[in-house]
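The values are calculated or read from the model by the stated rules, or taken from the named source; none is laboratory data. Bear in mind that the values here come from a model prediction, so they are computed numbers and not experimental data. Heads up, the Cβs are rebuilt from the backbone with ideal geometry, glycines too, and the neighbour counts pull from every protein chain shown.
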Amino acid sequence: MTVEAQVRPSESQGKVELALRNVLGPVQPSIIKREGSVSMRAEGEEALAKLYQQVRSRQVMAAARRLLMQNSSGNRTWVYLNKQAAYMGVIAFCEEPGESPLGPILLTLEATDLPSLLDWLVPEGE
């Protein structure tokens, strides 16, 4: 799983990093900082724990599944997340980048068996 976001001139890089960490949950990601952006990568089920929990507790599983399936290609899929919500510890999906006023977080999932991962993460019909 990779999460990445632009750091706008009006934003604190530390706050953007916290938003990304809030999406990943309790893992130690690898961090890549570039001029104007930051990305974090983590592997394994633990990296998906926060996402797994939030799609269930916030009852957004159908929307999450639709977006993840719509954006999938091969062994990879992606979705946009609201950066401000992530900073507050909430995973909120965006259909378009403009839905997040400070720019979205791009969450990318990659798996050797993506359909099985998506069936576990966001089962159909629940």
Report yes if ALA64 is within 21 Å of SER30 (Cβ to Cβ) and modelled with pLDDT under 95, otherwise no. no
Could you name every one of the helices (runs of 4 or more DSSP H) located completely within segment 1-74 that has at least 1 residues being in contact with a Gly (Cβ under 6 Å, 6 or more places away or on another chain)? 13-24, 45-57
Options PRO115, PRO97, PRO104; residue that is surrounded by fewer than 13 Cβ atoms within 10 Å (Cβ to Cβ) and either within 14 Å of the chain's Cα centre (by Cα) or touching a residue at least 60 places away in the same chain (Cβ under 8 Å) (or both): PRO97
Cβ-Cβ below 7 Å, separation at least six or inter-chain, first residue in segment 50-68 and closer than 19 Å to GLU110 by Cα and touching a residue at least 60 places away in the same chain (Cβ under 8 Å), second among the aromatic types (Phe, Trp, Tyr) and assigned to a loop (DSSP other than H, G, I, E, B): which pairs? none
In the set THR77, THR108, the lone residue that is within 21 Å of SER37 (Cβ to Cβ) and either out of contact with any helix residue (DSSP H, G or I) (no Cβ under 9 Å at 6 or more places or on another chain) or among the charged types (D, E, K, R) (or both) is THR108
